[in-house]
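Input: a single structure, listed below in structure tokens.
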Number of protein chains: 2
Amino acid sequence: MRHWIIDREVALLPSWLEALPQAKLIQRDVIVDLPRGEQAIYWCRLRHGETVSSIFPPIQLEAGQFVVVLADEPDETIVTESLASGASGCCNTYAAPDVLKQVALVVQNGGLWIGQSLLQRVIGSAAAILGRRPQDQEIENWSSQLSEREAQVARLVAVGASNKEVARQLSITERTVKAHLTAVFEKLGLRDRLQLSLRVNGLST
Amino acid sequence: MRHWIIDREVALLPSWLEALPQAKLIQRDVIVDLPRGEQAIYWCRLRHGETVSSIFPPIQLEAGQFVVVLADEPDETIVTESLASGASGCCNTYAAPDVLKQVALVVQNGGLWIGQSLLQRVIGSAAAILGRRPQDQEIENWSSQLSEREAQVARLVAVGASNKEVARQLSITERTVKAHLTAVFEKLGLRDRLQLSLRVNGLST
DNA sequence: TGCGGGATGGTACTTTGGTGCAATAGATTG
DNA sequence: CAATCTATTGCACCAAAGTACCATCCCGCA
């Protein structure tokens with residue numbers, strides 16, 4: 001999976017380099033075409049005042065190619081615009097390296113990444129229709145009981161990563177991943193990674 | 001897990017008996033209280049013209065006790081009413097035994113059961129907001145590629161059931177469950193049961 | 001009537017997931 | 001400072017998941 005960072009100016013943030021060491025920069029204003037022929041994620045930076053449509057015209061992506069919008073000031077409008085344009089996700093430009101790694105993993109597996117807080121607002125209406133308690137307790141709840149590291153592991157497992165993959169992502173041993181998972185299962189009263197996934201994704205109590 | 005069927009008349013359907021052989025009947029018009037002290041699912045039948053609120057006043061349920069509405073003529077209103085009243089699900093009175101078994105499994109694990117087609121309508125607006133292709137291709141797609149038996153296994157696995165549990169539910173060997181799963185993974189291009197769960201639950205491509 | 005696919009399952013095997021016990025190290029806190 | 005918590009990892013072990021190969025039975029269809 002190759003990573004391209006597309007920015008109006010030549011300015012790679014340290015967090016990007018840490019998360020995606022092998023990423024290459026494409027410096028341009030408006031995207032007219034993209035490198036082809038291989039699996040890739042195109043990280044498109046959206047600076048203050050820029051709109052998705054202004055820098056990101058409709059482009060045909062090949063299978064295994066995905067676009068993620070890095071917004072300096074993310075909001076609901078940008079999220080919906082991004083998705084409508086065919087992007088696989090939208091997150092904060094200044095997100096931590098670990099978050100960016102998670103985004104990459106989710107996206108390259110065909111998922112959508114919208115970010116917890118943004119997602120809450122976007123699907124708020126659906127939650128209301130379903131008559132469920134608000135997302136604040138529902139979705140956030142699980143992570144509040146965990147340490148930061150445990151939550152990171154839980155998130156990765158929840159989107160389908162194997163222990164080996166989680167270990168590589170977080171630069172730790174597979175044994176450590178297992179240790180964290182055991183702690184997570186214990187704290188949340190779960191049986192295995194599948195139930196964890198359902199819990200994290202809001203599909204069970 | 002004990003099963004109580006609550007109906008205005010004394011008329012157990014054959015499909016109920018097949019799905020829940022040990023179920024007991026409670027014959028009454030309006031529910032005023034429920035047997036206490038053990039884990040149970042209360043299946044409340046809603047006949048033509050009856051509304052949820054008319055037979056199902058607000059009742060405090062204990063932990064491990066769940067209510068499922070069996071609607072003769074299910075629609076969106078009944079679904080939302082049921083959930084608002086604290087029920088864990090709503091399905092067709094005349095659903096097949098296998099479906100009822102699945103409902104029981106989902107519900108007793110703390111899940112909500114709403115049924116594919118009803119769920120589609122209820123969360124339709126959210127899908128629109130998210131700018132995704134309609135649920136018809138998105139969610140149904142996976143099952144269309146599978147045989148009926150394979151789809152049953154997939155559904156149970158997707159809500160967190162182990163191979164052993166699936167085997168018991170469908171009255172087959174654990175070995176056969178594995179055989180079906182291998183076929184499912186092959187047909188859908190998946191790696192393991194977690195990815196299957198994400199696929200079935202519409203959380204990945 | 002033979003062929004293919006689905007459902008079922010037996011034996012055996014490899015891989016992955018998860019636990020128990022124990023150790024080290026840093027950070028925090030009373 | 002001692003106690004506690006978190007992160008990290010090793011080693012051993014067991015259980016669950018998944019695969020490979022094969023067999024039987026049934027059913028629809030050319």
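The values are calculated or read from the model by the stated rules, or taken from the named source; none is laboratory data. The structure presented is a predicted model; accordingly, all values stated were derived computationally and were not measured. Because the Cβ atoms are built from the backbone with ideal geometry, glycine has one as well, and the counts that use them run over all protein chains shown. Remember, those area values only see protein heavy atoms, side chains included, never the ligands or the DNA or RNA. Shrake-Rupley method; radii C 1.70, N 1.55, O 1.52, S 1.80 Å.
Taking only the range B:182-205 into account, find how many residues are facing another protein chain (nearest Cβ under 7 Å) and farther than 11 Å from A:Gly160 by Cβ. Before you say what the answer is, go through the steps one by one.
Of the residues in the range B:182-205, the ones facing another protein chain (nearest Cβ under 7 Å) are B:193-195, B:197-198, B:201, B:203-205.
With farther than 11 Å from A:Gly160 by Cβ added as a condition, the list becomes B:201, B:205.
Looking only at that region, the number is 2.
Would you mention how many residues in the range A:1-27 are loosely packed, with under 12 Cβ neighbours inside 10 Å and either of a type outside the set (S, T, N, Q) or not assigned by TED's automatic domain parsing to the domain that holds A:Phe56 (or both)? Give the steps one after another, and end with the answer.
Within the range A:1-27, the first condition is being loosely packed, with under 12 Cβ neighbours inside 10 Å, and the residues that meet it are A:9-11, A:14, A:21-22, A:27.
Now drop any that are not either of a type outside the set (S, T, N, Q) or not assigned by TED's automatic domain parsing to the domain that holds A:Phe56 (or both), which leaves A:9-11, A:14, A:21.
So the count comes out to 5.
If you go through the range A:102-116 one residue at a time, how many are open to solvent by 40 Å² or more (accessible area, probe 1.4 Å) and either touching a strand residue (DSSP E or B) at 6+ places or on another chain (Cβ under 9 Å) or modelled with pLDDT of 70 or more (or both)?
The total comes to 3.
Output the helices (runs of 4 or more DSSP H) that fall wholly within the range B:151-205 and possess 1 or more residues being closer than 28 Å to A:Trp113 by Cα, or say none.
Working: elements: B:163-170, B:174-188, B:193-200.
Fully inside the range B:151-205 and qualifying: B:174-188, B:193-200.
For the range A:144-153, enumerate the residues that are within 11 Å of DNA strand C (Cβ to nearest atom) and either crowded, with 21+ Cβ neighbours inside 10 Å or not small (Gly, Ala, Ser) (or both).
Here is the first cut: in the range A:144-153, the residues within 11 Å of DNA strand C (Cβ to nearest atom) are A:147, A:153.
The answer is A:Val153, and nothing else.
Give the residue that is surrounded by the fewest Cβ atoms within 10 Å (Cβ to Cβ), with candidates limited to residues of the range B:161-187 that are in contact (Cβ under 8 Å) with a residue 24 or more places away in the chain and within 13 Å of DNA strand C (Cβ to nearest atom).
It comes out as B:Lys187.
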